[in-house]
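The values are calculated or read from the model by the stated rules, or taken from the named source; none is laboratory data. Nothing here was measured: the structure is a model prediction, and the numbers come from that model. Here the Cβ is made from the backbone with ideal geometry for all residues, glycine too, and neighbour counts use every protein chain on show. These area figures cover heavy atoms from the full protein model, side chains too; ligands, DNA and RNA do not enter into them. Shrake-Rupley method; radii C 1.70, N 1.55, O 1.52, S 1.80 Å.
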Amino acid sequence: DGERAAMPSDSQARYAIATVTAVGKDLALTLREKLGKEIPIYTTPRLADDRVIAIEGRVIEALGQLFQEVDVLICIMAIGAVVRAIAPVLKDKASDPAVVVMDEKATNVISLLSGHLGGANQVTRDIAELLGSNPVITTATDVQKKFAVDVFAKKQSLLFSNRVLAKKISAAIL
């Protein structure tokens, strides 16, 4: 029913980082280095240089476009701006990319969208560990430290034929 296969392996996943402040840009550069990946960083034209890509047009529209092109979108900015940017392009939990939001001091790293199927919860944990940040994860199975059927399926490269049943299994476990 339109579900994508499990997210590409970490080495194949398409990442992007977006930020709109000078402090956020510095953090993005640090994060990219610590992740050890060739991740494009997008920022405003006034902050762009040979290390980052200038966002053309409105930031909100650019974030919405990036959301549709990547597997993992990391935003170093206010969570409200990210929500407004991605709201018009949200489709389904099985196909939306992972979205992680963090403040420019890296105090909190927040799994905003596609925590399990998209991998945002794991990306959040990984970034928080690298930067000494507080990972903010709100999915019930993670909070309660319970088995998550969708995480299990993803790790086994399985697809759900019945998402309603998968939800019932998770509810029963909780």
Simple SL model, points at 7 angstrom along Cα→Cβ for Glu38 and Lys105; separation in nm is 3.6
For Leu113, the residues 5 or more places away or on another chain with a placed amide H closer than 5 Å to its own amide H are Val99
For the range 66-112, Rg(Cα) over 2.2 N^0.38 Å is 1.11
A convex hull over the alpha carbons of the range 23-143 yields, per residue, a volume in Å³ of 101
Rounded to a whole %, the carbon-and-sulfur portion of the accessible area of the range 13-129 at a 1.4 Å probe is 51
Subtracting the Cα-Cα distance of Thr139 and Lys93 from 0.36 nm times their residue separation yields 15.3 nm
Simple spin-label estimate for Val23/Val83, 7 Å along Cα→Cβ, in nm, reads 2.2
Amide H proximity to Tyr42 below 5 Å, modelled H, separation 5+ or other chain, gives Ile17, Ala18, Thr19, Ile53
Taking a ≥ b ≥ c as the square roots of the eigenvalues of the Cα gyration tensor, with a/c under 1.5 meaning rounded and otherwise prolate when a/b exceeds b/c and oblate if not, the range 78-143 is oblate
Expected unfolding gain across Ile53-Gln12 under the 0.36 nm per residue rule, minus the alpha-carbon gap, is 12.7 nm
Put Lys105, Lys34 in order of accessible area, largest first, probe 1.4 Å, and you get Lys105, Lys34
For Asn108, the residues 5 or more places away or on another chain with a placed amide H closer than 5 Å to its own amide H are Asp103, Asn134
